[in-house]
1. Between the alpha-carbon centers of the stretch 1-22 and the stretch 109-123, tell me the distance in whole angstrom.
2. How high is the relative contact order of the chain, given as a whole-number percent (alpha carbon pairs under 8 Å, six or more residues apart)?
3. Tell me, what is the percent relative contact order of the stretch 65-147, built from C-alpha pairs under 8 Å that lie six or more residues apart?
4. Grab the Cα-Cα distance for residue 108 and residue 73, subtract it from 0.36 nm times how many residues apart they are, and report the gain in nm with one decimal.
5. Quickly estimate the mean residue ellipticity at 222 nm for the chain, helices only: each DSSP H run with n ≥ 4 gives -39500 (n - 2.57), and the total goes over all residues, rounded to 500.
6. From the list (1) 10, 32, 29, 17, 8, 4, 0; (2) 9, 32, 26, 10, 6, 7, 6, 3, 1, 0; (3) 10, 37, 35, 13, 5, 1, can you say which value of P(r) over Cα pairs in 10 Å bins from 0, in percent was derived from the structure given?
7. Choose one answer from 66, 48, 128: the residue with the largest mean-square fluctuation in a GNM of the chain with alpha-carbon springs under 10 Å.
8. Of the residues 119, 67, 96, which exhibits the maximal mean-square fluctuation in a Gaussian network model of the chain defined by a 10 Å Cα contact cut-off?
């Protein structure tokens, strides 16, 4: 199965969830799901992931689009047999596009998943952020695995055991 199918799927999940949140919730008013630990809190995030602010909303949009170009390049140059890497790249691509759509139309990103205890809270996030983070984890794991395989091939080709 071509992992590029995950790109539109992630965008649809992300954008539909944000539409539901925007049309059914009041911004800033938390709804407890699992007590104080897990809440749905509708906010607009003008910054980057986890509320980091790197400058103006235009800068965030330009950086996001440039990163999108780099992701497309990586996907196109990744061997089709590297399914884990291509799946990870597809998740990151879909998540990135989901947040870019918000930036273009709203100037900010809609976030709503809110975890923590009392005043100790994780930054509020959305499905696109989940897809990006899972994709980055898969990329890290996939590239680490590929590097180990390359080292093993180099050792077996040389016919000498690795040095301690």
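1. Between the Cα centres of the stretch 1-22 and the stretch 109-123 lies a distance of 22 Å.
2. On the way: 222 pairs, mean separation 47.5, N = 164.
Computed value for the chain: 29 percent relative contact order.
3. On the way: 85 pairs, mean separation 28.6, N = 83.
Contact order relative to length: 35 percent.
4. Numbers: separation 35, 0.36 × 35 = 12.60 nm, distance 2.59 nm.
The span from residue 108 to residue 73 would gain 10.0 nm if fully extended.
5. Values: 4 runs with 96 residues, N = 164.
Estimated from H runs of four or more residues: -20500 deg cm²/dmol.
6. Given (1) 10, 32, 29, 17, 8, 4, 0; (2) 9, 32, 26, 10, 6, 7, 6, 3, 1, 0; (3) 10, 37, 35, 13, 5, 1, the calculated one carries the label (1).
7. Result: 66 has the largest fluctuation of those listed.
8. Of 119, 67, 96, the most mobile in the Gaussian network model is 119.
Just so you know, all these numbers are worked out from the coordinates, no wet-lab data involved. The model shown is predicted, which means the values in this text are computed figures rather than measured ones.
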